[in-house]
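Here is the structure we will look at.
The values are calculated or read from the model by the stated rules, or taken from the named source; none is laboratory data. Given the structure is predicted, the values throughout are model-derived calculations rather than measurements. For neighbour counting, all protein chains shown are included, and Cβ atoms are generated from backbone atoms with ideal geometry for every residue, glycine included.
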Amino acid sequence: MTTYEKSGDVSKIQIFRLVVKDKILDLTDLLAFDPRRSKIVVTLVEFDDANKATQRVRHYIDADDMKLICHDLLAGSFTSFEDQKGSVHDDYTEARVLSLKKETKYRQPYVLRIDNGQGEVYGIGQVKMVKATDSLTIQMPEFEVRKLALVVLDYIREWEMIHFRKRQDARTVTFTPAAETAHQPEALSV
């Protein structure tokens, strides 16, 4: 695993990397104590003949979703997964879509595609893709996908085990009604 430094204060840990002829698939740790914020970052970069990056797309998968995907991949029961997310910024709305499918007609049966582009807010804060501006696809052999699943699932489980108490504290909500704190009933004796 590799640790990346960004702006000198935020570190990301690389969990898994797959390098093929003209692309790199990179999965990094963005795990958090709050399960709603706990993500695995999936980045796909394409290179030209001079090994210069020409395009990059990124998606953030919820850690719980990633655990289920990994479990299904290892159990041999995976067929497909699609995840749509987005971010609302001051001047634009960004949409991200990740899809992973098993296409048995190919020699490398797993097809991962990430689309990044212009989004639109609908419902209660959901973002849908309006226009994909960047898209990349990578085909992967079954062995590499199973290795990815095993490494990522083990990593998430170990992270959760190490941070178990902090995660429990983050999920715990303490509620004390004002009436109970003002007047405590006396104990009854039998």
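When each of Val97, Val88 is tested for being more than 26 Å from Ile13 (Cβ to Cβ), free of Cβ contacts under 8 Å to residues at least 60 places away in the same chain and of a type outside the set (Phe, Trp, Tyr), the lone residue that passes is Val88. Annotation: of all residues in the stretch 25-70 being within 18 Å of Thr137 (Cα to Cα), hydroxyl-bearing (Ser, Thr, Tyr) and surrounded by 14 or more Cβ atoms within 10 Å (Cβ to Cβ), the one that is farthest from the chain's Cα centre (by Cα) is Thr43.
Rundown of residues vs (1) of a type in the set (Val, Ile, Thr); (2) in contact with a helix residue (DSSP H, G or I) (Cβ under 8 Å, 6 or more places away or on another chain); (3) on the phi > 0 side of the Ramachandran plot; (4) at pLDDT 80 or above, yes/no style:
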site: Thr3; (1), (2), (3), (4): yes, no, no, no
site: Lys6; (1), (2), (3), (4): no, no, no, no
site: Ser11; (1), (2), (3), (4): no, no, no, no
site: Val19; (1), (2), (3), (4): yes, no, no, yes
site: Leu27; (1), (2), (3), (4): no, yes, no, yes
site: Leu31; (1), (2), (3), (4): no, yes, no, yes
site: Ser38; (1), (2), (3), (4): no, yes, no, yes
site: Val42; (1), (2), (3), (4): yes, no, no, yes
site: Phe47; (1), (2), (3), (4): no, no, no, yes
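With respect to the stated conditions, Leu74 fails to be among the aliphatic types (A, V, I, L, M) and crowded, with 18+ Cβ neighbours inside 10 Å. Go through the stretch 124-148 and report how many residues are charged (D, E, K, R) and either more than 17 Å from Val42 (Cα to Cα) or modelled with pLDDT under 95 (or both). Total meeting the criteria: 3.
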